[in-house]
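These notes are about the structure you will find just below.
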Amino acid sequence: MLPTPLYPACWQAFYNLTTFDPLLGNTISVMRRWPGVFLFLFAVLAAWGAPQNTAKPPSLSNPVNGFVGSTTCRGCHPDIWLNFYRNAHYQSIASGKEALDKTGCEGCHGPGLEHAKKPAQTNIKAFSQMTSGQTITACLGCHSKDISKANIQRSAHTEADVACASCHSIHKAATPKNLLAKQQTLLCYGCHTTVKASFEMPNKHRVNEGVVQCSDCHNPHGGAAATWRTGIKPAMMQHTGDGETPCLKCHVDKRGPFVYEHAAVRTEGCEGCHMPHGSMNAKLLKRPVTFTLCLECHTGGGTFGTQGQGVTLQSSSHNLLDPRYQRCSNCHVKIHGSNGDPNFLR
Ligand code: HEC
Ligand code: HEC
Ligand code: HEC
Ligand code: HEC
Ligand code: HEC
Ligand code: HEC
Ligand code: HEC
Ligand code: HEC
Ligand code: HEC
Ligand code: HEC
């Protein structure tokens, strides 16, 4: 196609070409001598130069590379189509700008020409027939920017063959947002029945009440490597931008940095002392009596402490037979770290 700005220049060049006209006995422009020829040439150029008509949307009578367009599917799957306009995936049809293999029904189910001519489960990408690996590949074809391939690949869910369609329902979603098969808590409890009990304990994060969600702390798509708890990644934890434990997102006062850190918070993570889901003990502590928790690590030198470093025994000034000394956090009030005192007394 000729760049449009060149047209007047061409025209001018032809006009400047002259020939001798025997009738007029004069030299005139070739264009005036054979106007028909030039009108024809002009018409050809104009048609050639006009912006190409965008390809007609594919249909059963006009398939493009095996794609027949979503309206073809609508004819035989009206139930699926009925609510599809509310689906986030409808955007690709509405915009009309996506490539055919990224548009509408065929964006997920693949080209449908053969299937539309002779419907069968076998000649269309039917997710009911696909392995979890195939499903993940199909969905990540578009979602690899939302979900890290590396993280989902090594997540406990993928390892256990729990894939996208185990949690998401594209056509019968219970939650329009995120297209979940069930409301989140019910979805997770559906498979994690034992976890339910921990959220019914006297002290708990109020997940059942909707105050906190599983996905505030966990990433069902697998988490990235952690910078806390010496990098050992517990239970697909969600993480903040800095790779911190998700607990700090809400409990910001525990973030620090503190002049005097309690090493345990960083090395063991919050789980070192707390039950994250729920607990019989106040403040979600792992032990009913605070000093037994402290004495798990503060047993004296040697290879004590769960990290194996020698953790100081409580001071010799402490008489543990004196009940006063058993409530350690009564005096060591800044137990998560302090800016004023190396012993966390203030
Ligand atoms: C002429 C009617 C017709 C058209 C057009 C049609 N389908 Fe189907 N489709 C069917 C029938 C009938 C079945 C059930 C086949 C079976 O169970 O063997 C089916 C099955 C399917 C399945 C498999 C469901 C499963 O069991 O998991 C999918 C996916 C599907 N269609 C998607 C599409 C898509 C996408 C389009 C558009 C490209 C489309 N269909 C167009 C009639 C049609
Ligand atoms: C985002 C990907 C995606 C898009 C877009 C999509 N589907 Fe599906 N489809 C699925 C998945 C996944 C399943 C498996 C069942 C489920 O999760 O709901 C499925 C199941 C089906 C089934 C089997 C019936 C059923 O309910 O199990 C049919 C038929 C079907 N789709 C047709 C269509 C049609 C028609 C369109 C366009 C209006 C479409 N699909 C768009 C992913 C998609
Ligand atoms: C052809 C590209 C494409 C494929 C394939 C695809 N998606 Fe999507 N998906 C999109 C687009 C576009 C959106 C809407 C924009 C956004 O929120 O990112 C979307 C949105 C979503 C959402 C979020 C809805 C919301 O409320 O924000 C979920 C969940 C989702 N897709 C799941 C899936 C699953 C599961 C599969 C595989 C069965 C899949 N998608 C396959 C393109 C795709
Ligand atoms: C174990 C259940 C589970 C599995 C498996 C799962 N998801 Fe999700 N997904 C969720 C939940 C729960 C949310 C909502 C998270 C939230 O509220 O922050 C979500 C949110 C999303 C979203 C929208 C928000 C976002 O993170 O961008 C997309 C897109 C999505 N999932 C796609 C997928 C795809 C693609 C797969 C498969 C590769 C998949 N999911 C596998 C449970 C799951
Ligand atoms: C379809 C069943 C299913 C659903 C739904 C499901 N999970 Fe899982 N989940 C599993 C299986 C199976 C495993 C691996 C075995 C195990 O550790 O229990 C797993 C593992 C996990 C783990 C890691 C456990 C560990 O010890 O490392 C966490 C955390 C988790 N799931 C959270 C969730 C959350 C949060 C949801 C809801 C968004 C959810 N799961 C939904 C089946 C499911
Ligand atoms: C307040 C943050 C938080 C919330 C909310 C939360 N979890 Fe957890 N969960 C954790 C932490 C932290 C661990 C790791 C515990 C450890 O390693 O000692 C964990 C461990 C797990 C495990 C593996 C160990 C076990 O107890 O079986 C599963 C499964 C799990 N969570 C599922 C869920 C489900 C399902 C929900 C929602 C109903 C949920 N979690 C809500 C923080 C949370
Ligand atoms: C989404 C926000 C959120 C996240 C993430 C979160 N919490 Fe909480 N946490 C709360 C709220 C809100 C409460 C108050 C109790 C209530 O209202 O149910 C609470 C209460 C607590 C309590 C008890 C406080 C008391 O006075 O009894 C402890 C301990 C605690 N959280 C620890 C953690 C740990 C450890 C983590 C990470 C594994 C965590 N939280 C993650 C919101 C969060
Ligand atoms: C070394 C043990 C230990 C570690 C590690 C630890 N905590 Fe605590 N935490 C405690 C003790 C003990 C209490 C109870 C203090 C009291 O008696 O008032 C407590 C209380 C809390 C409370 C409720 C009272 C308050 O101060 O707000 C929250 C919330 C809390 N911790 C969150 C966290 C978070 C978040 C982390 C991880 C960043 C964490 N804890 C790590 C020992 C610990
Ligand atoms: C998970 C192990 C662990 C638990 C549980 C724990 N600590 Fe620590 N604590 C440490 C480590 C490690 C240090 C770093 C100093 C060291 O090596 O002795 C430390 C330091 C301290 C210090 C500062 C003094 C010093 O020697 O540097 C005090 C005070 C202290 N802990 C009090 C407590 C109290 C009170 C509790 C119970 C609420 C508690 N700790 C629970 C591991 C723990
Ligand atoms: C009555 C207040 C009080 C109580 C209760 C208390 N402490 Fe202390 N603790 C102190 C004071 C004051 C110091 C600093 C002076 C000293 O060493 O006596 C201290 C120092 C420490 C040190 C640092 C010792 C060193 O040599 O650097 C540790 C570790 C410690 N306490 C652990 C504990 C543990 C564990 C408990 C619970 C079993 C506990 N404390 C209960 C007041 C208390």
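Odds and ends about this structure:
- Out of HIS157, HIS205, HIS168, sole residue that is within 11 Å of ligand 5 (Cβ to nearest atom) and within 17 Å of MET237 (Cα to Cα): HIS157
- Qualifying residue in segment 311-328 (condition: within 24 Å of PHE199 (Cα to Cα) and either at pLDDT 85 or above or within 16 Å of ligand 4 (Cβ to nearest atom) (or both)): no
- Filtered by the rule that a residue be of a type outside the set (Val, Ile, Thr) and in a helix (DSSP H, G or I), segment 128-143 gives SER128, GLN129, SER132, GLY133, GLN134, ALA138, CYS139, LEU140, GLY141, CYS142, HIS143.
- Note on segment 275-284: residues that are out of contact with any Pro (no Cβ under 7 Å at 6 or more places or on another chain) and surrounded by fewer than 17 Cβ atoms within 10 Å (Cβ to Cβ) amount to 2.
- Residue under evaluation ILE147, criteria (1) assigned to a helix (DSSP H, G or I); (2) within 20 Å of ASN219 (Cα to Cα), criterion not met: (1)
- Search result, residues across segment 167-194 that are surrounded by 15 or more Cβ atoms within 10 Å (Cβ to Cβ) and either over 24 Å from GLY104 (Cβ atoms) or charged (D, E, K, R) (or both): LYS182, GLN184, THR185, LEU187, CYS188, TYR189
- Whichever residue in segment 179-197 is in a loop (DSSP other than H, G, I, E, B) and within 27 Å of GLY278 (Cα to Cα) and, among such residues, is nearest to ligand 3 (Cβ to nearest atom): ALA181
- Look at segment 55-74: where a residue is modelled with pLDDT under 95 and a partner is of a type in the set (Lys, Arg), sitting 6+ places away or on another chain with Cβ atoms under 6 Å, you get ASN62/LYS56.
- Filtered residues of segment 158-178 (kept if over 15 Å from the mean Cα position of the chain (by Cα) and in a loop (DSSP other than H, G, I, E, B)): ALA160, ASP161, VAL162, SER169, ILE170, HIS171, LYS172, ALA173, ALA174, PRO176
- Enumeration of residues in segment 246-277 that are within 16 Å of ligand 5 (Cβ to nearest atom) and either of a type in the set (Asp, Glu) or touching a His at 6+ places or on another chain (Cβ under 7 Å) (or both): PRO246, GLU271, HIS277
- Looking only at residues in segment 245-260 that are surrounded by fewer than 16 Cβ atoms within 10 Å (Cβ to Cβ) and charged (D, E, K, R), the one that is farthest from ligand 10 (Cβ to nearest atom) is LYS249.
- Test: residue in segment 97-113 that is without any contact (Cβ under 8 Å) to a residue 12 or more places away in the chain and in a helix (DSSP H, G or I): no
- Of the listed requirements (1) modelled with pLDDT under 75; (2) part of a helix (DSSP H, G or I), THR303 misses just one: (2).
- For first residues located in segment 163-177 and closer than 12 Å to ASN83 by Cβ, partners that are within 8 Å of ligand 4 (Cβ to nearest atom) and assigned to a strand (DSSP E or B) and lie 6+ apart or on another chain with Cβ distances below 8 Å form the pairs SER169/LEU180; ALA173/LEU180.
The values are calculated or read from the model by the stated rules, or taken from the named source; none is laboratory data. Nothing here was measured: the structure is a model prediction, and the numbers come from that model. Cβ sites come from the backbone with ideal geometry, for glycine too, and all protein chains shown count toward neighbours.
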